[in-house]
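Only the coordinates and a few stated rules stand behind these numbers; no lab work does. Keep in mind the model is a prediction, meaning the values are calculated, not measured. For neighbour counting, all protein chains shown are included, and Cβ atoms are generated from backbone atoms with ideal geometry for every residue, glycine included.
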Amino acid sequence: MFEVSRPRFEELVADALDSLPAELGREMENVAVVVEDVAPGRSLFGLYEGIPLTRRGPSSYGWVMPDRITLYQETICSVCSSEAEVVSQVRKTVIHEVAHHFGISDPRLDELGWA
């Protein structure tokens, strides 16, 4: 396990988000990205909760809370032995969860090598 402070971990998450292509960033709307320690009752690196862009419509998406992408710091750090590994896992997790926001499924992410 490689430990990083919460502020440093949040910085790595921000860096991963900033590394996304600008055209994707412009399409992300109504999404909150947060960091928590661990997922309750599950072993997850990240979790997307919301309505993917591919399922939104005028009658199905109005007056809703923001979508939420959560990254689980302790779970990510538990499989890493250096900061470079944390950086890599954070980036992979951010890409994975952002892909869900765009409606990309886990099987498709597996095909693409991002599962």
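Select from segment 1-57 the residues that are closer than 17 Å to GLU97 by Cβ, out of contact with any strand residue (DSSP E or B) (no Cβ under 7 Å at 6 or more places or on another chain) and aliphatic (A, V, I, L, M) and list them in ascending order. Within segment 1-57, LEU12, ALA14, ALA16, LEU20, LEU24, MET28, LEU53 qualify.
In segment 87-101, is there at least one residue being touching a residue at least 40 places away in the same chain (Cβ under 8 Å), hydroxyl-bearing (Ser, Thr, Tyr) and either out of contact with any Leu (no Cβ under 7 Å at 6 or more places or on another chain) or within 18 Å of TYR48 (Cα to Cα) (or both)? Yes, there is a match, as at least one residue in segment 87-101 is touching a residue at least 40 places away in the same chain (Cβ under 8 Å), hydroxyl-bearing (Ser, Thr, Tyr) and either out of contact with any Leu (no Cβ under 7 Å at 6 or more places or on another chain) or within 18 Å of TYR48 (Cα to Cα) (or both).
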